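Below is one structure, written out as structure tokens, with a few remarks after it.
The values are calculated or read from the model by the stated rules, or taken from the named source; none is laboratory data. This is a predicted model, so every value here is computed, not measured. We place every Cβ from the backbone using ideal geometry, glycine too, and count neighbours over all the protein chains shown.
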Amino acid sequence: MAIGGTTKKVSGNNKYMNTVIPTILVQDANEFQTRWEKIKNSTDLLQLDVLDDTLVANSDWHDLDALQKLDGGPGFILHLMVNDPRQYLRRASENTKIYGAVWHIEAPIDHAELLIFCQDKGWRCGLALNPKTDIEELEPFAEMVDEVLVLGVEPGFNGRKILPHTIDKVRKLKKRWPELTVSFDGGITKENLEELRSAGVSIFYVGSSIFNADDPRMALEEMRNL
């Protein structure tokens, strides 16, 4: 699909293919700082969930200005579970800690326009699909995105168990668009990681299985070794 005279992907950067990326969803700055300290030396990218009680019936801590003030450590990819991701991307446009963003195809916005905005920033950007969303919704944008994020659970909360049909959704995406980079978020454990990889997942966003472990750094290392 050609938009604005181009069919190229937003960045085409595959640096984070075939890896596990820790995900942070917290309710306050202290909880964020605790998780940041536990993991900051073990990864060069974190996913920060952003909820504002619009697209998803929950909200969380997501002070993007505070990210910029962090001393060293990894960069961030934002998972924008909001109705208007544009406002967050524009606020983050000069933030050197932000590496990219994924927002939901269910959001009532012009996705092509926002993908082009990301392209101009040189960010890695993608679209997320809720468990009940059909893959056909991706059709106009499949050639534009760096990744498609499949939600393995209903979004907005930590610790939910994976919905089995979402693994089939990964298989359908890879069959329809074999070159598509598919990421996955929600319910990932050491026990189901191999099934997800075999289905076609290349990027694994993991929260509870890492941060609920006695040693989050060891849990991350173990999952990456798998």
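Quick notes on this structure:
- If you go through the stretch 127-147 and pick out every residue that is closer than 26 Å to T43 by Cβ and touching a residue at least 60 places away in the same chain (Cβ under 8 Å), you end up with 2.
- One residue stands out among those in the stretch 110-127 that are farther than 13 Å from I77 by Cα and of a type in the set (A, V, I, L, M): the one that is surrounded by the most Cβ atoms within 10 Å (Cβ to Cβ), which is L115.
- Yes/no for G75 being in contact with a Ser or Thr (Cβ under 9 Å, 6 or more places away or on another chain), of a type outside the set (A, V, I, L, M), within 22 Å of D185 (Cα to Cα) and in contact (Cβ under 8 Å) with a residue 40 or more places away in the chain: no
- Residue satisfying condition, being in contact with a strand residue (DSSP E or B) (Cβ under 7 Å, 6 or more places away or on another chain), among the β-branched types (V, I, T), over 16 Å from L45 (Cα atoms) and surrounded by 22 or more Cβ atoms within 10 Å (Cβ to Cβ), within set V82, V102: V82
- Considering the stretch 174-207, and only residues there that are in a helix (DSSP H, G or I) and either modelled with pLDDT under 95 or in contact with a strand residue (DSSP E or B) (Cβ under 7 Å, 6 or more places away or on another chain) (or both), the residue that is surrounded by the most Cβ atoms within 10 Å (Cβ to Cβ) turns out to be L196.
- Out of L25, L46, sole residue that is farther than 14 Å from R217 by Cα, surrounded by 21 or more Cβ atoms within 10 Å (Cβ to Cβ), at pLDDT 95 or above and of a type outside the set (D, E, K, R): L25
- Single unsatisfied condition, P155 versus (1) touching a residue at least 60 places away in the same chain (Cβ under 8 Å); (2) in a loop (DSSP other than H, G, I, E, B); (3) over 28 Å from N83 (Cα atoms): (3)
- Tally of residues being hydroxyl-bearing (S, T, Y), in a loop (DSSP other than H, G, I, E, B) and more than 18 Å from E154 (Cα to Cα) across the stretch 24-54: 2
- Looking across L138, L220, L151, one residue alone is more than 29 Å from K38 (Cβ to Cβ) and buried (at least 17 other Cβ atoms within 10 Å of the Cβ). It is L138.
- Scanning the stretch 85-130 for residues that are among the hydrophobic types (A, V, I, L, M, F, W, C), assigned to a loop (DSSP other than H, G, I, E, B) and either out of contact with any Gly (no Cβ under 9 Å at 6 or more places or on another chain) or over 19 Å from Q68 (Cβ atoms) (or both) returns A92, I105, A107, I109.
- Any hit, the stretch 87-105, residues being polar (S, T, N, Q), closer than 30 Å to E137 by Cβ, touching a Leu at 6+ places or on another chain (Cβ under 8 Å) and at pLDDT below 95: yes
- The residue of the stretch 1-22 that is modelled with the lowest pLDDT, among those that are hydrophobic (A, V, I, L, M, F, W, C) and under 20 Å from the mean Cα position of the chain (by Cα), is V10.
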